[in-house]
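What follows is a short report on a single structure.
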Amino acid sequence: VTARPVFGDFADAVSAQLEDALGPERPVARRKLAAARAGQVQEFSRGLAGCLEVMARYTADITMMFDDLTAQQRRALYGEWAWAWFQARHAILNAAAFVSWARSGTGASAGRRARGQAATGLDAAAFSLTIGRDLLQTHFAAGPLGARLDRSEWAPVVTSRPVTRALLFEVAQWARAIAPQGARLALSGAPVQRGTEQQRRWLNAACQWLWVIDSAVQVAERRDSVLTADISLLHAIPLHELAPRLIPIGGEDVARLCQGTTSCAERVRHAARTVGADASWSPAFTAESLIHSASCATISSHNCEILLRSLAARAAEHGVPDVSTRLLSSADAAAVARDSWLQAARGWHRVTTDTRGTISPFAAETADLALWTGRLAHDDPQWTLTTAPSQAVRSPQSLASGPGDLPRVVAAVHQACETLPGIAGADSSQIHTAARAGRLLVPTRSLPDTFDVPHPFAPAPGSRVDILLGAYRDAWTASTELTTTVAAVAADVRAPSRILTAAREAVQAGFVPEVARARRRREPVAASRPVPPGPVERILKDLGVRDLDVLLRASAVDQAGDQMILDVAHDRLGRYGGSAPYRDLNRSASAAEVINHLLASGDPSAVAILHPPRPSRARRLLRPDSDRAAVSPRHAERQSARQEPEAEAEP
Amino acid sequence: MDRIAGARARLEAADDLPAILDAAYEAFEDMLTVIEDHQDPGGGVFAAFVMSGAAAMNGQNAVAGAPSLPHTSAVRAGPSDAGAAPGLSGGEAAAAVTGLSLLLVSRLDAAAGLARNVADRTACALAARHAASVCSLLGGAPRP
């Protein structure tokens, strides 16, 4: 829609940077290989710690939404995803604990600054992750007692169920990209520098927890898929940055007028979110302001009707009759909206407020929108709201010279139409608040003679207020209908503004059943989750085996081995509970490789190998409404102890 | 006599503050009737008539705030049988309303000079500003 940075810029960068997080392999003399590998492990751990820190913030942002919800509400609203969020958060904190030990180290390289390129990709990814999160946070402000307040129309989108799920899905994809690279480094066959074995083991343990994040998301996904459209919406969330207020100076081309209309529409929608609350006392609340904004909304609707009819004519010329028909229907809807707004403006006849004489900034912004849409709709580059200039309508050819111009103008009209329900809602809310505060008045002269009021004005009778509010309700209904029809055209022509519709649907998905049902018919995202080869398959490949049948058999052997390990692990968990000696499982590089393969397969039950707490403790730790879902350092320490080898083995 | 001509005659005949305010209040009402009759989306001057309707409403509300405005209208004792502006085109109606708004500006300025009460002066000044705005929107003299 605009040239502003969007979250997708940074999410895509993270994905690209994590593709080769280890960086290029540098030639190292054989005698220095052990020291170089130790340095790489330490540096990778440092880079991973940076990524995990930001990933933990992402999950904390998401779980913050649960603060005000009961467990029942959480289950009803988020289903399996609530569990996935807490498991992911738990896993990230566990991974962070392991990686912090791997960073500090215990051997000869401890405390020494690592050299090499092993974390170039991770460092870059951590930076992109941070910027991406900061971008999302621009839509919020800090409120009293640490509460998070919405400060843009995108804030409810960021916290919507579809977008938060998409965000966790992305976090899981990133974790999945890092895990095999870290594990490969930790379990590589390079000579081990004395005293650094534990660092490599801890790095591998951290990577195992990264796979846990992904398997938690996979479980949730099987019940309630993330949609491709949700990922697109997440990626389209822009930086919250309002363009400065601009007035057309005359002579702008259609592209500039479309851009100006879009920026102005965003400003109006932003302003609409902030008006209303102070109508009970603010001197800026005046009848002039509300009459002005209703009149400007009338003219904006009228201009949109002109534009939609011109676009319909142009679409017909371009040989897209379906689009032309829909544009004509939208134009009809715009005419209805215009008439409704005109009635709302007329509803102020002989109604006023206790303060007069000023126009609010919000009303002034609505006038800007009428001007921008008017310049786009009319031929005269100096068109204004007066009769003075020519009122000739811009020709369809001038509006959209080529088929490629159609989406741009449709987007501008869509943006303008999207503001109208917001104006109706904001002004209606102001009127309601002011009426309750006794700030709506009528001239005494307009009352029947039976009223004996010794003042120029009297409080507006309830019947007059009801008529006024009814007119605004009609304007809202007609504007909403207009927006819906234009949004359908925007989707048809793939106008950039169609993201507004996706954003609204995402917000409504949580509480409008029709929207939720419609979403279920959409395309789920196709996640790329290649499972690395298991030890048998890998060894055969290392031996140069290319025969597909042999490799498939090797893969089946690996899977059978995985299953056997899982069965035994679960059997022991059932028999011994939390006291089962699972620490044996990770004690050698070969055993760790098997476990890594198990975790990478996405089997959620494999987590039990890493996390065998006592049943009571498990319930406490994994209960979504428990703060203890976030692992404590002491727990992570015990977890590490379980994974420590009984005897030194080559990682 | 049509509404605009009647409003002009009453404004010109008014000689003291309450009479001017009374005539101005009703003149805004008459002006609004004519404006609303010409708020035709197909007429080419739709935007100007919509905005001038808003200004006329604001002008009437401003006059209503003057303490010296009589509580009952002396100029409209009975139902008016005058037409809004019979047979006028959009351009002609705009010209007629512009003429009335210019007269309103001048009479309200005069009323502000006669007023001793600050609230009366403020109301007259504000109403004159809105009348000037109507004039400007419909192609008359520039807004002051």
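The values are calculated or read from the model by the stated rules, or taken from the named source; none is laboratory data. Only a predicted model underlies this, so the values are computations on that prediction, with no experimental measurement involved. For neighbour counting, all protein chains shown are included, and Cβ atoms are generated from backbone atoms with ideal geometry for every residue, glycine included. Side chains included, ligands, DNA and RNA excluded: accessible areas come from the protein's heavy atoms. Shrake-Rupley method; radii C 1.70, N 1.55, O 1.52, S 1.80 Å.
Beta carbons closer than 9 Å, at least 6 apart along the sequence or on distinct chains, never pair a first residue in the range B:109-127 that is at positive phi with a second that is open to solvent by less than 70 Å² (accessible area, probe 1.4 Å).
The set of residues from the range A:265-288 being within 14 Å of chain B (Cβ to nearest Cβ), of a type outside the set (A, V, I, L, M) and part of a helix (DSSP H, G or I) comprises just one member, A:288.
Beta carbons closer than 6 Å, at least 6 apart along the sequence or on distinct chains, pair a first residue in the range A:300-318 that is free of Cβ contacts under 8 Å to residues at least 24 places away in the same chain with a second that is of a type in the set (Ser, Thr, Tyr) and assigned to a helix (DSSP H, G or I) for A:312/A:324; A:316/A:324. Being in a loop (DSSP other than H, G, I, E, B) and facing chain A (nearest Cβ under 7 Å) is the requirement here; does residue B:41 meet it? Yes.
Which of the following residues is open to solvent by 10 Å² or more (accessible area, probe 1.4 Å), within 14 Å of chain B (Cβ to nearest Cβ), outside any loop (DSSP other than H, G, I, E, B) and aliphatic (A, V, I, L, M): A:231, A:306, A:299, A:291?
Result: A:306 is the single residue among A:231, A:306, A:299, A:291 that is open to solvent by 10 Å² or more (accessible area, probe 1.4 Å), within 14 Å of chain B (Cβ to nearest Cβ), outside any loop (DSSP other than H, G, I, E, B) and aliphatic (A, V, I, L, M).
For the range B:108-125, the condition holds for no residue, the condition being that it is within 21 Å of residue B:45 (Cβ to Cβ), open to solvent by less than 40 Å² (accessible area, probe 1.4 Å) and within 13 Å of chain A (Cβ to nearest Cβ).
Cβ-Cβ contacts under 7 Å between residues 6 or more apart (or on different chains), taken from a first residue in the range A:327-349 that is under 19 Å from residue A:370 (Cα atoms) to a second residue that is modelled with pLDDT under 95 and open to solvent by 50 Å² or more (accessible area, probe 1.4 Å), are listed as A:346/B:36.
Contact map, the range A:162-188: first residue closer than 19 Å to residue A:60 by Cβ, second residue among the aromatic types (Phe, Trp, Tyr) and surrounded by fewer than 24 Cβ atoms within 10 Å (Cβ to Cβ), Cβ cut-off under 7 Å, separation 6 or more or different chains; pairs are A:167/A:58; A:171/A:58.
Kindly check whether there is at least one residue in the range A:67-85 that is among the small types (Gly, Ala, Ser) and crowded, with 19+ Cβ neighbours inside 10 Å.
Among the residues of the range A:67-85, at least one is among the small types (Gly, Ala, Ser) and crowded, with 19+ Cβ neighbours inside 10 Å, which makes the answer yes.
Residues in the range A:534-557 that are outside any helix (DSSP H, G or I) and either free of Cβ contacts under 8 Å to residues at least 24 places away in the same chain or more than 43 Å from the chain's Cα centre (by Cα) (or both): A:543, A:544, A:545, A:546, A:547.
Can you find a residue that is touching a His at 6+ places or on another chain (Cβ under 8 Å) and modelled with pLDDT under 95 anywhere in the range A:216-226?
No, the conditions are met nowhere in the range A:216-226.
Out of A:408, A:436, A:356, one residue alone is in contact with an Asp or Glu (Cβ under 8 Å, 6 or more places away or on another chain) and among the basic types (Lys, Arg). It is A:356. Restricting A:383, A:341 to residues that are assigned to a loop (DSSP other than H, G, I, E, B), among the aromatic types (Phe, Trp, Tyr) and either within 13 Å of chain B (Cβ to nearest Cβ) or farther than 30 Å from residue A:447 by Cβ (or both) narrows the list to A:383. All of A:321, A:403 fail the test of being touching a residue at least 40 places away in the same chain (Cβ under 8 Å), away from chain B (no Cβ under 11 Å), surrounded by fewer than 17 Cβ atoms within 10 Å (Cβ to Cβ) and of a type outside the set (Ser, Thr, Tyr), apart from A:403. Considering only residues in the range A:345-384 that are over 24 Å from residue A:419 (Cβ atoms) and in contact with a Ser or Thr (Cβ under 6 Å, 6 or more places away or on another chain), the one that is surrounded by the fewest Cβ atoms within 10 Å (Cβ to Cβ) turns out to be A:355. From the list A:551, A:543, the lone residue that is out of contact with any Ser or Thr (no Cβ under 9 Å at 6 or more places or on another chain), within 26 Å of residue A:19 (Cβ to Cβ) and aliphatic (A, V, I, L, M) is A:551. Scanning the range A:409-446 for residues that are outside any loop (DSSP other than H, G, I, E, B) and within 14 Å of another protein chain (Cβ to nearest Cβ) yields A:427, A:440, A:441, A:442, A:443, A:444, A:445, A:446.
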